[in-house]
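The values are calculated or read from the model by the stated rules, or taken from the named source; none is laboratory data. As the structure is a prediction and not an experimental result, all values here were calculated from the model. With ideal geometry, Cβ positions are generated from the backbone for all residues, glycine too; neighbour counts draw on all protein chains shown. Each accessible area value is taken on the protein alone, full model and side chains, heavy atoms only, with ligands, DNA and RNA left out. Shrake-Rupley method; radii C 1.70, N 1.55, O 1.52, S 1.80 Å.
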Amino acid sequence: SQQGEEDPQALSIQEGENATMNCSYKTSINNLQWYRQNSGRGLVHLILIRSNEREKHSGRLRVTLDTSKKSSSLLITASRAADTASYFCATVNDSWGKLQFGAGTQVVVTP
Amino acid sequence: DAGITQSPRHKVTETGTPVTLRCHQTENHRYMYWYRQDPGHGLRLIHYSYGVKDTDKGEVSDGYSVSRSKTEDFLLTLESATSSQTSVYFCAISGGLAGATGELFFGEGSRLTVL
């Protein structure tokens, strides 16, 4: 069963706009991570936020975590065509590092 | 890029045949994972390893076995492939400074089609 559920499933925006996607999960977590996957490629780690953190930034990425609501959001500011990809949230809730993924949000950024 | 190589990258096989996918890493990471990716399901964990000869099942392990005889190699075997095992398989590693609960590094995937 999936731990994370992303919303929306798909997002289409223009270059320069911001893209926001949300992730909800079901059980307590150690940390939550966001990954990007370009078509036909492997997943690339974007950012990790621990359960005791509320917000984290990395370049144009901003991630928030609300453990009381069991939810997280990923904001990509000033999007570029190169941001076109699928984005996945994944949670870790044990010491073995097993990630549980959601189904992903497909983002298309048009020039 | 993390040194992870998956082979083969593409394979077409027939129902009932055995298939072995290989994951090779040059990072000396302790933890290795096999995931499968199917439309609408994200990635689901098949098996994982926390050391040489130490493996355990994930959420979708039925029909799959794994072996890890060396730190750098993690093999995924489908003893008798079925059409439901048509998927893209990803190997991942972790266990650097962040330990097991840090980021995962993924290979480029192995696309398996079972006819």
Pair list, Cβ < 7 Å and 6+ apart or interchain, from segment B:69-82 residues that are touching a residue at least 60 places away in the same chain (Cβ under 8 Å) to residues that are of a type in the set (A, V, I, L, M): B:Leu78/B:Val19; B:Ala81/B:Val19; B:Ala81/B:Val114; B:Thr82/B:Val114
Members of segment B:32-43 that are open to solvent by less than 50 Å² (accessible area, probe 1.4 Å) and of a type outside the set (A, V, I, L, M, F, W, C): B:Tyr33, B:Tyr35, B:Arg36, B:Gln37, B:Asp38, B:Gly42
Subset of segment A:6-22 [away from chain B (no Cβ under 11 Å) and either under 12 Å from the mean Cα position of the chain (by Cα) or open to solvent by 60 Å² or more (accessible area, probe 1.4 Å) (or both)]: A:Asp7, A:Pro8, A:Ala10, A:Ser12, A:Gln14, A:Glu15, A:Glu17, A:Asn18, A:Ala19, A:Thr20, A:Met21, A:Asn22
Every residue from segment A:24-51 that is over 30 Å from B:Arg9 (Cα atoms) and within 13 Å of chain B (Cβ to nearest Cβ): A:Tyr25, A:Ile29, A:Asn30, A:Asn31, A:Ile49, A:Arg50, A:Ser51
Of the criteria (1) small (Gly, Ala, Ser); (2) under 26 Å from B:Val60 (Cα atoms); (3) modelled with pLDDT of 95 or more, which one A:Ala19 fails: (2)
Only listed residue being away from chain A (no Cβ under 14 Å) and more than 15 Å from B:Pro18 (Cβ to Cβ), chosen from B:Ser67, B:Ser80, B:Ser84: B:Ser84
Among the residues listed as B:Gly63, B:Gly109, B:Gly102, the single one being touching a residue at least 12 places away in the same chain (Cβ under 8 Å) and under 24 Å from A:Leu32 (Cβ atoms): B:Gly109
Qualifying residue in segment B:75-87 (condition: within 10 Å of the chain's Cα centre (by Cα) and either open to solvent by less than 40 Å² (accessible area, probe 1.4 Å) or among the hydroxyl-bearing types (Ser, Thr, Tyr) (or both)): yes
Residue that is farthest from the other protein chains (Cβ to nearest Cβ), among those in segment A:74-89 that are in a strand (DSSP E or B) and surrounded by 18 or more Cβ atoms within 10 Å (Cβ to Cβ): A:Ile76
Matching residues, segment A:36-60, being free of Cβ contacts under 8 Å to residues at least 60 places away in the same chain, of a type outside the set (A, V, I, L, M, F, W, C) and closer than 20 Å to B:Trp34 by Cα: A:Arg36, A:Asn38, A:Ser39, A:Gly40, A:Arg41, A:Gly42, A:His45
Residue ID - nearest to A:Lys26 (Cα to Cα), chosen from residues in segment A:90-109 that are open to solvent by 50 Å² or more (accessible area, probe 1.4 Å) and more than 8 Å from chain B (Cβ to nearest Cβ): A:Asn93
Selection within segment B:6-31 - closer than 20 Å to A:Lys98 by Cα and open to solvent by 40 Å² or more (accessible area, probe 1.4 Å): B:Arg22, B:His24, B:Glu27, B:Asn28, B:Arg30
